[in-house]
Amino acid sequence: QVQLVESGGGLVQAGGSLRLSCAASGRTFRSYFMGWFRQAPGKERDFVATISWSGGDTRYADSVKGRFTISRDNSKNTVYLQMNSLKPEDTAVYYCATKNSLGIATMSRAYDYWGQGTQVTVSS
């Protein structure tokens with residue numbers, strides 16, 4: 001079984017930065033693709049970013065491209081989401097996820113394991 005635990009959320013002013021972390025356990029972390037998603041109140045869970053097992057391939061949602069950076073440290077079984085130039089519309093619960101299948105995926109249904117989420121609130 002896979003366990004994912006997110007941390008690093010909080011309250012920040014518009015234009016500020018936060019770094020989210022997701023610690024994984026229960027499997028060979030370095031072999032698997034990881035993703036970040038977010039869900040605002042009353043909305044669907046949306047794709048934010050994903051990274052390949054090696055870190056060499058990444059994808060971003062258009063809404064965060066150029067502002068967010070996903071990375072991973074396989075020696076620490078941790079994936080990160082560096083968020084810069086935050087906007088009020090970035091406010092959401094952010095979830096870390098991983099999947100059993102290979103390949104980049106941006107659809108939430110492709111992911112098999114999820115963390116409990118961490119709240120990010122950006123004030124204007």
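Do the conditions hold for Asn100, that is, is it over 11 Å from Ile51 (Cα atoms) and in contact with a helix residue (DSSP H, G or I) (Cβ under 6 Å, 6 or more places away or on another chain)?
no
Those residues that are of a type outside the set (A, V, I, L, M, F, W, C) and over 18 Å from Gln82 (Cα atoms), I need them from region 18-53; list them, please.
Scanning region 18-53 gives Ser25, Gly26, Arg27, Thr28, Arg30, Ser31, Tyr32, Pro41, Gly42, Lys43, Glu44, Arg45.
Within region 83-94, track down each residue that is open to solvent by less than 60 Å² (accessible area, probe 1.4 Å) and out of contact with any Ser or Thr (no Cβ under 8 Å at 6 or more places or on another chain).
Asp90, Ala92
Give the number of residues within region 56-82 that are under 24 Å from Ser25 (Cα atoms) and crowded, with 19+ Cβ neighbours inside 10 Å.
5
State the number of residues belonging to region 29-55 that are surrounded by 15 or more Cβ atoms within 10 Å (Cβ to Cβ) and basic (Lys, Arg).
Residues flagged as surrounded by 15 or more Cβ atoms within 10 Å (Cβ to Cβ) and basic (Lys, Arg) within region 29-55 amount to 2.
Got a number for residues in region 1-23 being in contact with a Cys (Cβ under 6 Å, 6 or more places away or on another chain) and either exposed (fewer than 14 other Cβ atoms within 10 Å of the Cβ) or closer than 19 Å to Asn100 by Cβ (or both)?
Within region 1-23, residues that are in contact with a Cys (Cβ under 6 Å, 6 or more places away or on another chain) and either exposed (fewer than 14 other Cβ atoms within 10 Å of the Cβ) or closer than 19 Å to Asn100 by Cβ (or both) number 2.
Do the conditions hold for Gly26, that is, is it under 17 Å from Val2 (Cβ atoms), surrounded by 18 or more Cβ atoms within 10 Å (Cβ to Cβ), small (Gly, Ala, Ser) and touching a residue at least 24 places away in the same chain (Cβ under 8 Å)?
No, not satisfied.
Within region 102-124, can you find the residues that are open to solvent by less than 60 Å² (accessible area, probe 1.4 Å), within 18 Å of Arg27 (Cβ to Cβ) and in a loop (DSSP other than H, G, I, E, B)?
Correct list: Gly103, Ala105, Tyr111, Gly115.
The values are calculated or read from the model by the stated rules, or taken from the named source; none is laboratory data. From a predicted model like this one, the values you see are computed outputs, not experimental measurements. No Cβ is skipped: glycine too gets one built from the backbone with ideal geometry, and neighbour counts run over all protein chains shown. The area values use the complete protein model at the heavy-atom level, side chains included, leaving out ligands, DNA and RNA. Shrake-Rupley method; radii C 1.70, N 1.55, O 1.52, S 1.80 Å.
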